[in-house]
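K.L.:
Starting off with a structure, shown below.
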Amino acid sequence: MAQLSHSLPFITLRRLAPSAAMLLTLAPGALLSAAAQPAAPQPANEAITWHNLSALPLEGKAWTAAKQLYDRLPAKAEGVVRAEVWDLSHDSAGLRYRFVTDATVLRGRWKLRKVDHLALPHMPATGVSGLDLYVRDAGSWHWVGAGRPVKPDVNEAVLVDGLKPGKREYTLYLPLYNGVDSVEIGLPAGAVFEAAPDRYAGRKPILFYGTSIVQGGCASRPGMAHSAILGRMFDWPFINLGFSGNAKSEPEVAQLLAALDPAVFVYDSLPNLNAEEAAQRVEPFVKAIRVAHPKMPIVLVENVAYADSPYRQARMDKVLAVNATLRRVYNQMKAGGDAAVFYVPSSSLLGADGEDTVDGTHPTDLGFLRMAQGMAPVLKEALRSAAAESGDSRR
């Protein structure tokens, strides 16, 4: 799949699982002001206290020894992985902060790393370079506000205002296709600001490795990448190691990832591989992960069925060829007695109506929701397998 500039039916949308449906609706105790009216602007002279979020735990980060706080690969990867992969590791896809406040208005201020990369031709600035705010209410996560970037360097925006009084937990997702140098939350002076409870203590994350689709292209907001949706569905930590156009399943990347210790490893690299590359690289890559982690659940994800492939034979042939390679690897692992390998067919991902991508390849928010719904049953089984192996009874 080409790099961004570079990787279910809408009318007959499959029934949502209760947890997924909750992502689309607010709980009865709505958080915004009555009558859904925008709150009056805050007084210009209102005192604001800015809190640098670097003082809080940064979630979604696989390595602590990074060259820059918001890098997704460790410093030791520079010069080892290809330059394109290293450059994409500076994007903050999947990184997020949780915090607690009783403020009725929340502002965001963030400094972008790539000043010439505010938006892409088929992906809005809100997804590429924006912030995305969710609140925890009645045990579930709900969208409540976003930071819309308008400047190529430092942006400041009201994320949400007019909230009913109350102390709540929030998650702030960072940009998908840009990096950040700093992120701050601005609250009215005197408002509570504290770290969120460590609800994920002892839970290893789900690790997603893959292409531009995994990185989040072309979600309208960071929280709409399917890894983020699944994280909210399961209330589970996750790591996004999507590298747009560059998930080539190289051995040096496999060695880096094999050193990690996630609960589940999700392999979704096929859209960046042609038939020959898939035949050469998929099995060694997956084997490297399995050798390092004999019992860890591995989820193999087929190449999505591109929306235009029924009408473009070359696209169809490519998808069929790489998926056949993945299926062969899966069958061999199962035949060899591997009980911790799982499979997501393309039929469980995008819909057949062609209504869920921006370009035939990269999902819209609808496409990402469909992908999350389709992957959820397999991930649920994988997490159960991981729990059984570790003795964790929570799943």
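K.L.:
Can you find a residue that is in contact with a helix residue (DSSP H, G or I) (Cβ under 6 Å, 6 or more places away or on another chain) and more than 24 Å from F238 (Cβ to Cβ) anywhere in segment 324-344?
P.N.:
yes
K.L.:
Please note which strands (runs of 3 or more DSSP E) are completely contained in segment 114-215 and include at least 1 residues that are open to solvent by 50 Å² or more (accessible area, probe 1.4 Å) and of a type in the set (A, V, I, L, M, F, W, C).
P.N.:
Details: elements: 131-137, 140-147, 154-160, 168-173, 180-188, 193-195, 206-210.
Because the criterion is at least 1 residues that are open to solvent by 50 Å² or more (accessible area, probe 1.4 Å) and of a type in the set (A, V, I, L, M, F, W, C), the strands (runs of 3 or more DSSP E) in segment 114-215 that meet it are 140-147, 154-160, 193-195.
K.L.:
Could you say which residue among P284, P377 is under 21 Å from the mean Cα position of the chain (by Cα), open to solvent by 20 Å² or more (accessible area, probe 1.4 Å), of a type outside the set (F, W, Y) and at pLDDT 95 or above?
P.N.:
P377
K.L.:
Does A307 meet the test of being small (G, A, S) and farther than 28 Å from T126 by Cβ? Can you show your working first?
P.N.:
Details: small (G, A, S): yes; farther than 28 Å from T126 by Cβ: no.
No.
K.L.:
For the subset of segment 78-100 comprising residues that are acidic (D, E) and part of a loop (DSSP other than H, G, I, E, B), which member is surrounded by the most Cβ atoms within 10 Å (Cβ to Cβ)?
P.N.:
Narrowing segment 78-100 to residues acidic (D, E): 78, 84, 87, 91.
Next, only the ones that are part of a loop (DSSP other than H, G, I, E, B) stay: 78, 91.
Working: E78: 13, D91: 29.
Out of the qualifying residues, it is D91.
K.L.:
For residues in segment 268-298 being part of a helix (DSSP H, G or I) and touching a Ser or Thr at 6+ places or on another chain (Cβ under 7 Å), which is nearest to L350 (Cα to Cα)? Show your work before the answer.
P.N.:
The first filter runs over segment 268-298 and keeps only residues part of a helix (DSSP H, G or I), leaving 270-272, 275-292.
Those left that are additionally touching a Ser or Thr at 6+ places or on another chain (Cβ under 7 Å): 271-272, 278-279, 281-282, 285.
On the way: P271: 14, N272: 17, A278: 21, A279: 24, R281: 25, V282: 22, F285: 25 Å.
Among those that are part of a helix (DSSP H, G or I) and touching a Ser or Thr at 6+ places or on another chain (Cβ under 7 Å), it is P271.
K.L.:
Pull up segment 222-260, narrow it to residues that are within 14 Å of H362 (Cα to Cα) and assigned to a loop (DSSP other than H, G, I, E, B), then point me to the one that is farthest from the chain's Cα centre (by Cα). Break it down into steps so the answer makes sense when it comes.
P.N.:
To start, the set of residues in segment 222-260 that are within 14 Å of H362 (Cα to Cα) comprises 224-226, 242-245.
Adding the requirement that they be assigned to a loop (DSSP other than H, G, I, E, B) leaves 225, 243-245.
On the way: A225: 5, F243: 12, S244: 13, G245: 16 Å.
Result: G245.
Matching residues to (1) among the β-branched types (V, I, T); (2) out of contact with any helix residue (DSSP H, G or I) (no Cβ under 6 Å at 6 or more places or on another chain):
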residue	(1), (2)
V154	yes, yes
P165	no, yes
V183	yes, no
S212	no, yes
P237	no, yes
V253	yes, yes
L257	no, yes
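K.L.:
Could you pull out the residue among D198, D235 that is at pLDDT below 95, of a type outside the set (F, W, Y) and over 23 Å from P74 (Cα atoms)?
P.N.:
On the way: D235 fails: at pLDDT below 95.
Every option except D198 fails the conditions.
K.L.:
Next question. For the structure I just gave you, tell me whether L260 is under 28 Å from G60 (Cβ atoms) and buried (at least 20 other Cβ atoms within 10 Å of the Cβ). Give the steps one after another, and end with the answer.
P.N.:
Values: under 28 Å from G60 (Cβ atoms): yes; buried (at least 20 other Cβ atoms within 10 Å of the Cβ): no.
So L260 does not fit the description; no.
K.L.:
Is it the case that segment 299-316 has a residue that's within 20 Å of V214 (Cβ to Cβ), in contact with a Ser or Thr (Cβ under 8 Å, 6 or more places away or on another chain), open to solvent by 10 Å² or more (accessible area, probe 1.4 Å) and in a helix (DSSP H, G or I)?
P.N.:
Taking every residue of segment 299-316 in turn, at least one turns out to be within 20 Å of V214 (Cβ to Cβ), in contact with a Ser or Thr (Cβ under 8 Å, 6 or more places away or on another chain), open to solvent by 10 Å² or more (accessible area, probe 1.4 Å) and in a helix (DSSP H, G or I).
K.L.:
Of the residues A75, A103, A40, A65, which is surrounded by fewer than 16 Cβ atoms within 10 Å (Cβ to Cβ) and either more than 30 Å from L273 (Cβ to Cβ) or at pLDDT below 50 (or both)? Working first, answer last.
P.N.:
Working: A75 fails: either more than 30 Å from L273 (Cβ to Cβ) or at pLDDT below 50 (or both); A103 fails: surrounded by fewer than 16 Cβ atoms within 10 Å (Cβ to Cβ); A65 fails: either more than 30 Å from L273 (Cβ to Cβ) or at pLDDT below 50 (or both).
On inspection, the qualifying residue turns out to be A40.
The values are calculated or read from the model by the stated rules, or taken from the named source; none is laboratory data. Bear in mind that the values here come from a model prediction, so they are computed numbers and not experimental data. Backbone-built Cβ (ideal geometry, glycine too); neighbour counts: all protein chains shown. Note: areas computed on protein heavy atoms with side chains; ligands, DNA, RNA excluded. Shrake-Rupley method; radii C 1.70, N 1.55, O 1.52, S 1.80 Å.
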